[in-house]
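Structure record follows, encoded as structure tokens.
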Amino acid sequence: MTLQQLIYLVTAAECGNMTEAAAKLYISQPSLSAAIRNLEEEMGVTAFSRTNKGITVTREGEELLSYARMLLEQSENMKDHFCNSKHQIPKFSVSCQHYSFAVNAFVDVIKTFDADRYNFIMRETQTGEIIDDVANGKSEIGIIFLSEHNEEILSKLIRNNNLIFEELYVAKPHIFIYKHHPLAKKDKITLDDLTQYPYLVYEQGTRNSFYFSEEFISTLDFPKIIQVRDRATLFNLVIGLNGFTVSSGIIDHRLNGPHIIAKPLIADQTMHIGIVKKKNMILSRYAHKYIEALKEHLSIV
């Protein structure tokens, strides 16, 4: 097995077509097919189902691709660490739940490693996809929270994907509401106070269960539920409908606007915010800086 074979494998999977992948790699299609077939034979797997229309990744191929991406990423990290070439293009990707501090930390990384060229990716996405992204090598780091209610399920999923969770911050429950909301003058909010108002939550797709929710108060406790996909829509509805959402209480008015405020929620729960990463992985300097920036932004809350 060689790194070149792994590059061929990943490129073919991304293109979904051997001819297109060969053109992208500047090699002949027979050479590409032979290299991948040799890798399949060595690993004892069938990575692709081949048809006249192209190729599709098999279940065991997905697992092989996960390892291939990890090894290629580790190779890049090693070269970055030891070579530190000025000609290398900075690359870093992170997948996270919808947190303003995660965005601010990402900004810090870009400012620190600003260059004529770079390729940084930030995915604010669903909880299940965050774990998938890190497991499959699409993102180097994921940001999620664990609580008394989801820890057993998510911790098992994290372990099964050969990942680890590292806690960064423990938050008490808060609600985000409009600054002119009828409850805005209260020092603390109870669940009973909220029942007449729309509860805004992030939609989780096919994994739309409480265990994958970004909000650690169950939607079952409330009669009015609105699901959204992005932060801007959520806060527009918080303002327009006197709705609320439940989160950590960490808010950035530069990103979320001056009209959203956080109020403590009386609830016997805690929110353990942390990073998800692969076991025994050498993190890039960009990942190290990102974790450092996360800690800085969380420490000033």
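The accessible surface of region 143-292, taken with every protein chain in place and a 1.4 Å probe, is 50 percent carbon and sulfur. Our summary gives region 187-280 a relative contact order of 35 percent, counting only alpha carbon pairs under 8 angstrom and 6 or more residues apart. Beta-bridge orientation, the chain: approximately 60 percent antiparallel, per DSSP, counting only bridges with both partners inside. Net charge dipole, region 36-166: roughly 480 debye, given to the nearest 20, about the Cα centre with Cβ charges of +1 for Lys and Arg and -1 for Asp and Glu. Put the Cα centre of region 35-62 next to the Cα centre of region 149-181 and the gap is 37 Å.
Restricting the chymotrypsin sites (Phe, Trp or Tyr not before Pro) of region 1-65 to loop positions (DSSP other than H, G, I, E, B) with no more than 15 neighbouring Cβ atoms within 10 Å leaves 26. Springs join every pair of Cα atoms under 10 Å in this Gaussian network model of the chain, and among 115, 12, 184 the largest mean-square fluctuation is at 115. Whole-Hz Karplus values for region 266-282 come out as 6, 7, 8, 8, 9, 10, 9, 8, x, 9, 10, 8, 6, 5, 6, 9, 7 Hz, taken residue by residue from phi with 6.51 cos²θ - 1.76 cosθ + 1.60 and θ = phi - 60°; glycine and proline positions read x. Between 64, 283, 39, the Gaussian network model of the chain with springs among Cα atoms under 10 angstrom shows the greatest mean-square fluctuation at 39. Note on the chain: GNM, Cα springs under 10 Å; of 172, 186, 277, the largest mean-square fluctuation is that of 186.
Per residue, the solvent-accessible area of the chain (1.4 Å probe, heavy atoms of protein chains only, all protein chains present) comes to 52 Å².
The values are calculated or read from the model by the stated rules, or taken from the named source; none is laboratory data. Everything numeric in this text was worked out from a predicted model, so none of it was measured. Every residue, glycine among them, receives a Cβ derived from its backbone with ideal geometry; neighbour counts consider all protein chains shown. When the accessible area is computed, the model is the full protein with side chains, heavy atoms only, and any ligands, DNA or RNA have been set aside. Shrake-Rupley method; radii C 1.70, N 1.55, O 1.52, S 1.80 Å.
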